[in-house]
1. Please grab the % of Cα pairs in the chain that end up more than 42 Å from each other.
2. Rounded, prolate or oblate: which fits region 164-284 when a ≥ b ≥ c are the square roots of the eigenvalues of the alpha-carbon gyration tensor, with rounded for a/c under 1.5 and prolate only if a/b beats b/c?
3. Restricting to bridges with both residues inside the chain, how much of the DSSP beta-bridge set is antiparallel, in percent to the nearest 5?
4. Suppose a student asked you for the relative contact order of region 259-414, using Cα pairs under 8 Å spaced at least 6 residues apart; what percent would you report?
5. Express in nm, to one decimal, how much length is gained between Gln207 and Ser311 on full extension, taking 0.36 nm for each residue of separation and deducting their alpha carbon distance.
6. Got a sec to turn the phi values of region 348-356 into Karplus ³J(HN,Hα) couplings, 6.51 cos²θ - 1.76 cosθ + 1.60 with θ = phi - 60°, whole Hz, x for Gly and Pro?
7. Calculate what fraction, in whole %, of the accessible area of the chain sits on carbon and sulfur atoms when a 1.4 Å probe is rolled over the protein chains.
8. Do the sum for the chain: with -39,500 (n - 2.57) for every DSSP H run of n ≥ 4, divided by all residues, what is the mean residue ellipticity at 222 nm, to the nearest 500 deg cm²/dmol?
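The values are calculated or read from the model by the stated rules, or taken from the named source; none is laboratory data. Since the model is a prediction, treat every value here as computed from it, not as a measurement. Here the Cβ is made from the backbone with ideal geometry for all residues, glycine too, and neighbour counts use every protein chain on show. With ligands, DNA and RNA removed, areas are computed over all heavy atoms of the protein, side chains included. Shrake-Rupley method; radii C 1.70, N 1.55, O 1.52, S 1.80 Å.
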Amino acid sequence: IKSKRMKNGLVLGLLSIVLLSYSSHGQLNTTFGKGIINAVSEDSTWSMKFGLRFQSLYSGETTINDNTGVGSSTNEFLIRRSRLKFDGFAFSPKLKYKLEIGLSNRDIGKASDRTNVAPNMILDAVLKWNFYQNFELWAGQTKLPGNRERVISSANMQMVDRSQLNSNFNIDRDIGLQLRHKFQIGNQFVVKEIVAMSQGEGRNVVQDNIGGLQYTGRLELLPLGDFSSKGDYFGSDLKREAKPKLAIGATYDYNDRAVKDRSNQGSYMTYDTDKDGNFDGYFYSNIATVFVDMMFKYKGVSIMGEYADRSSDQTVQTIVNDDLSTTTATVFTGNSLNLQAGYLFKSNWEVSGRYTEVNPTKVTGKSAFQQYTFGVSKYIVGHSLKVQSDVSYTTTDNSTNNKLMYRLQFDIHF
């Protein structure tokens, strides 16, 4: 009950700030999808843009047995995401901020003692300081510079949702510092560098860090120049690039003494040696994750490719309990490949296809699988108002059970 009151109070407080800003110095934005309210102080020392969005999803899944045919089926109706977004500048246009709040149950996730058993609502809360030329210092909680597919906003995806590569290997959000820089070689070759240091346990952790810190570095090369409207970080070629555009990126992430089974994501690796139901300690593992990705766009054609690899110095660890039984912790290691392409017709209908394979290392005891997806999208107002549907077929090694999944999603973004 306390958590629910905290959640409601926070939402009401944020909405009150928005309404007060609008009543004094704000104005309604006349462009759909560019924010509901824009407020600027009289002395131009701060600004705030407020927006909201949500996604309504239907998902149906059927198991297909190679020997007996069609098996069980499930159906799900879900508010996949529902969010409030605030951004602007403070004191100077060189000091920007972003705040994003998740409201749906899927956004909030599980509460734990590491988050003070409170709603896990804050997605982004970050300051961005352009302190010198093309250098920016980011401080706070936001997405780490990991795989391209994860950094692309969930509001700007080409298909209903991200791939299984992202589900199993992404490093998502964390709190810490990021230093970003870019420069140009010749007339059009753009180079972007990012280094980050973060806590290493994901978002909204409020207690002392358990293990070491997490270190991330990313390099991006754009040999044909910048994309239109930052198109290297949204799905589909909505801008219909007049000239070919290509972005190539590589990330290396090292999580020192990580205590979760997917680097800073997944579950905490804990043990209870006396089996009394009380926590006794954590398993630690040094986890390295590598991403290589690319994005290409030209006249409605878009191609994205990603490769991920995760390794650990201790993938499987076992401890002997007081009763001589054992407790085991396993880090999800292995590699994955995701290839995705689409073509946007001039009517703003798009067809897309995706192939994903996930290959866990044998020691994890998990099976490799492949997923084939075909998608259709109708962009009514770009990514701000769209309808998307896709069908996926998943085959799992060493199993006679395959899965067929159908999804339909409505997305609106003010």
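1. Of all Cα-Cα pairs in the chain, 14 percent lie more than 42 Å apart.
2. prolate
3. Working: 181 of 182 bridges.
Bridges in the chain that DSSP calls antiparallel: roughly 100 percent.
4. Averaging sequence separation for qualifying contacts and normalising by length gives 14 percent for region 259-414.
5. Full-extension gain reported as 34.8 nm.
6. So the Karplus estimates, Gly and Pro as x, are 6, 8, 9, 10, 8, x, 8, 10, 9 Hz.
7. 58
8. Rounded to the nearest 500, it is -2500 deg cm²/dmol.
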